[in-house]
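Notes follow once the structure below has been shown.
The values are calculated or read from the model by the stated rules, or taken from the named source; none is laboratory data. None of these values were measured; they are calculated from a predicted model. Cβ atoms come from the backbone with ideal geometry, glycine included; neighbour counts cover every protein chain shown. For accessibility, only protein heavy atoms count, side chains too; no ligands or nucleic acids. Shrake-Rupley method; radii C 1.70, N 1.55, O 1.52, S 1.80 Å.
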Amino acid sequence: MAIETLTFGCRLNAYEGAVMKAEAEKAGLDNAIIINTCAVTAEAVRQAKQAVRKARRDNPQARIIVTGCAAQTEARSFGDMDEVDLVIGNADKLKSESYRPMVFGTPLNDKVQVNDIMSVRETAGHLIEGMDGRTRAFVQVQNGCDHRCTFCIIPFGRGPSRSVPMGLVVEQIRKLVANGYKEVVLTGVDITSYGPDLPGSPTLGLLTQSILKHVPDLPRLRISSIDSIEADPALYEAVADPRLMPHLHLSLQSGDDMILKRMKRRHLRDDALAVVEKLRSRRPDMVFGADIIAGFPTETDAMFESSRSFIAEANLAYIHAFPYSPRPGTPAARMPQVSKAVARQRAAQLRAAGDEQFRALCKSRIGQTESILVERSGLGRTEHFIPVRVAGAEAGDLLSVRISGLSDDGLSGDPLQAAA
Ligand code: SF4
């Protein structure tokens, strides 16, 4: 068996999964499983441990290596698992030398080899060839976070905010386009914090404009999650470009001002609404999604209603709703808690409100001609990220499709011809 990587969590982790595999291969590793964990919720950590046990059961001879944010923040709890051979941190997982002990069977004093992520100042400048099994490539532009939202453990798993130099991002995207990718997604931990650590302090908006200018043959550029309050003037200009996909995901977290203050978020309800309206004034068909936490400590029914009503008010079509999950060492974990059952109920209500907006969005596209990128046989996504069922379409195709109706997960349509 060669190297198998199992990645949990965000797009940044998925991008790093491609880098890890290449670095581990460079070190000469084989017969190994690398589990790239997430620490955002207690459930994510539980799933990672379950995956470790299963990997060992199914592969008694393989090397089991654990990394990612849960390995960075709860290293010893993975180190104490008999199934695990090595635990490495988020920075070290991107270096081939970190895998060498597993290649040469070097006896380790301690299988936990996790270094201090808070001292990392540089992003690792890797260039990937592509992402196995994906037709949309993720590109890291930023890592880490300097904010301290009261519910969040990510800064302690990822370290301080740091940006990938613009030239390297452009070079990476050129390589992916040369390798046949038609869509690239810019990703990081807090990408609207892009740039202050680079010469000339570029911004996410300036980076986006630079990519669109210097990679003219990239058909589709997508931006992953943004912190609305940090959207810069150049980003407002860039959203008018037809090659920038009219779909943005907001790291909103709540629609209630008191809860936003207790979360130590940098925006209030009306700030987020104003950003949505301003972006739509630049790109009227812009579609939004948002992350919202349900049942944050001290959240009352009225406060929850502020979040739920925000979905319709801002017309958010993609809702990622999470029941609040107390994370070790975070201030919110010490606040008066809302019951888990209530948090789950509220998360379900938020998803239902989002589904309503999503169905309305889908209905509005019937009869339209859409450009879709096919992800796998018979299924693709529009520029607004709506799934479309299209008979006979092959992964990687960029097609013009006449939308004929709704499907279980979005829309259905008939191909007109390959999109230009
Ligand atoms: S901005 Fe807040 S929620 Fe996002 S990674 Fe940083 S601390 Fe966490």
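Brief remarks on what is shown
- Cα shape, the range 223-287, gyration tensor, a/c 1.5 rule: prolate
- Using a cut-off of 28 Å between Cα atoms, the listed pairs K21/K340; K49/K95; K49/K182; K111/K175; K54/K111; K54/K95 include K21/K340; K49/K182; K111/K175 as exceeding that distance.
- Protein-only accessible surface at a 1.4 angstrom probe places the residues D197, D408 in the order D408, D197, largest first.
- Taking all protein chains together and a 1.4 Å probe, the residues D241, D256, D80 rank D80, D241, D256 from largest to smallest accessible area.
- Each principal axis of the range 121-214 carries a Cα extent, and these read 41, 33, 19 Å when sorted largest first.
- For the range 3-62 and the range 321-349, distance of Cα centres in Å: 27 Å
- Residue order for F151, F310, F104 - accessible surface, 1.4 angstrom probe, largest first: F104, F151, F310
- With contributions of -39500 (n - 2.57) from each DSSP H run of at least four residues, the per-residue ellipticity at 222 nm computed over the chain stands at -10000 deg cm²/dmol.
- Isolated cysteines in the chain, defined as those with no second cysteine Cβ under 4.7 Å, comprise C10, C38, C69, C145, C362.
- Among G159, G195, G392: highest mean-square fluctuation, GNM of the chain, C-alpha pairs under 10 Å: G392
- Accessible surface of C149 - all protein chains present, 1.4 Å probe, nearest 10 Å²: 20 Å²
- Counting DSSP beta bridges with both ends in the range 136-362, the antiparallel % (nearest 5): 10 percent
- The range 264-314: translational diffusion in µm²/s, Stokes-Einstein, Kirkwood Rh over Cα pairs, 37 °C, 0.692 mPa s: 267 µm²/s
- Shape analysis of the range 3-115 places it in the rounded category; the axes a ≥ b ≥ c from the Cα gyration tensor give an a/c below 1.5.
- Antiparallel content of DSSP bridges confined to the chain, in %, to 5: 35 percent
- Anisotropy class of the range 369-418 from Cα gyration tensor, a/c 1.5 cut: rounded
- Whole-percent carbon and sulfur share, accessible surface of the chain, 1.4 Å: 52 percent
- Each Lys and Arg adds +1 at its Cβ and each Asp and Glu adds -1 at its Cβ; summed about the Cα centre, the range 3-115 shows a dipole of about 160 debye.
- Surface accessible to a 1.4 Å probe, per residue, for the residues of the chain, Å²: 41 Å²
- Largest GNM mean-square fluctuation across E313, E122, E23, computed for the chain with C-alpha springs under 10 Å, falls on E313.
- Its Cα centre serving as origin, the chain has a Cβ charge dipole (Lys and Arg +1, Asp and Glu -1) of approximately 400 debye.
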